[in-house]
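Read the structure below first, then the notes.
Readers should treat all values here as calculations from the given coordinates under stated rules, not as data from a laboratory. Everything numeric here is computed off the predicted structure, so don't read it as measured data. For neighbour counting, all protein chains shown are included, and Cβ atoms are generated from backbone atoms with ideal geometry for every residue, glycine included.
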Amino acid sequence: GGGFPQETSRHKGARLLGATAHAPGRQRGRRPRVLFFPSRPSCTEALLAEAAGLRTTARPCPCPLPRVDSSLSRLLRHLLSARRSLEICLFAFSSPQLGRAVQLLHRRGVRVRVVTDAQYMGLPGSQIGLLRHAGIQVRHDQEDGYMHHKFAVVDRRMLITGSLNWTTQAIQNNRENVLVVEDAEYVKPFLDEFERIWEEYNPINYRFFSKDDK
Ligand SMILES: [Zn+2]
């Protein structure tokens, strides 16, 4: 059907301002990209070693996986493009490769902040303990509902969002989608939501009462 009223008025507003389709306020990066999972099996050692500044030719990875592009390697590359900041909002995070990438960025001086779900972070294989141990700031919910988001924002410029939890199980076995966009119009609301959650999960805002009344 016809556009929503808000859309109409917004477009009118844009016209009144004499704005074109490439209005200055509407920063656009590269075209959106989509990654589908399961990822084809691939060795990401060289990619991670290179990002860590290690020489990869000296000691190639002995694993039998092909050194090909995959959804996982593309996701890693998008994350490793971070130079200043990385916000991560994930229900489940257990992928060792993605965990290494995030630690690497932290060591590189990128400001990394992680929001996750309290119920999942304690499970075996979770990367959250390792990230915290490395000195990365992590905050979690204290709610009965899940912190079920799965998104990340790179350098306040690139939004990575979709159905994928950063777990080996999901990467290797599940049908999942990840959308990568560099359009400020989409990045901003996710950043705003991250900041809202980050503040809400600040430990000084915790309410200490029992939730074990199930
Ligand atoms: Zn390998």
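Taking the convex hull of the alpha carbon atoms in the range 124-178, what volume per residue do you get, in Å³? Display every interim value, and only then the final one.
On the way: hull volume 7.1 nm³, N = 55.
It comes to 129 Å³ per residue, whole-number rounded.
Compute, for the range 28-205, the length of the dipole vector about the Cα centre, with Cβ point charges of +1 (Lys, Arg) and -1 (Asp, Glu) only. Units Debye, rounded to 20. Walk me through the numbers on the way to the answer.
Values: 25 positive and 18 negative charges, 209 e Å.
It comes to approximately 1000 debye.
How large is ³J(HN,Hα) for each residue in the range 73-80, as worked out from phi by the Karplus curve 6.51 cos²θ - 1.76 cosθ + 1.60 (θ = phi - 60°), to whole Hz, x for Gly and Pro?
Running phi through 6.51 cos²θ - 1.76 cosθ + 1.60 with θ = phi - 60° gives 5, 5, 4, 4, 4, 4, 5, 5 Hz.
Can you work out the Karplus-derived ³J(HN,Hα) for every residue in the range 126-131? Use 6.51 cos²θ - 1.76 cosθ + 1.60 with θ = phi - 60°, whole Hz, and x for glycine or proline.
Coupling constants for the range 126-131: 5, 7, 4, x, 5, 5 Hz.
If amide hydrogens are placed 1.01 Å from N in the peptide plane, which non-local residues have theirs closer than 5 Å to the one on ASN165?
none
Percentage of Cα-Cα pair distances in the range 28-205 greater than 19 Å, rounded to whole percent?
Details: 8989 of 15753 pairs.
It works out to 57 percent of all Cα pairs.
Only counting other Cβ atoms within 10 Å, I'd like PHE194, PHE36 sorted with the fewest neighbours first. Each step should come with its number before you reach the end.
Details: PHE194 19, PHE36 12.
If I rank by nearby Cβ atoms, fewest first, I get PHE36, PHE194.
Please list, in order along the range 32-44, the HN-Hα scalar couplings obtained from phi with the Karplus expression 6.51 cos²θ - 1.76 cosθ + 1.60 (θ = phi - 60°), rounded to whole Hz, x for Gly and Pro.
x, 10, 10, 10, 10, 10, x, 6, 5, x, 7, 8, 9
Tell me the relative contact order for the range 30-88 as a rounded percent, counting alpha carbon contacts under 8 Å between residues six or more apart.
On the way: 39 pairs, mean separation 25.1, N = 59.
Relative contact order of the range 30-88: 43 percent.
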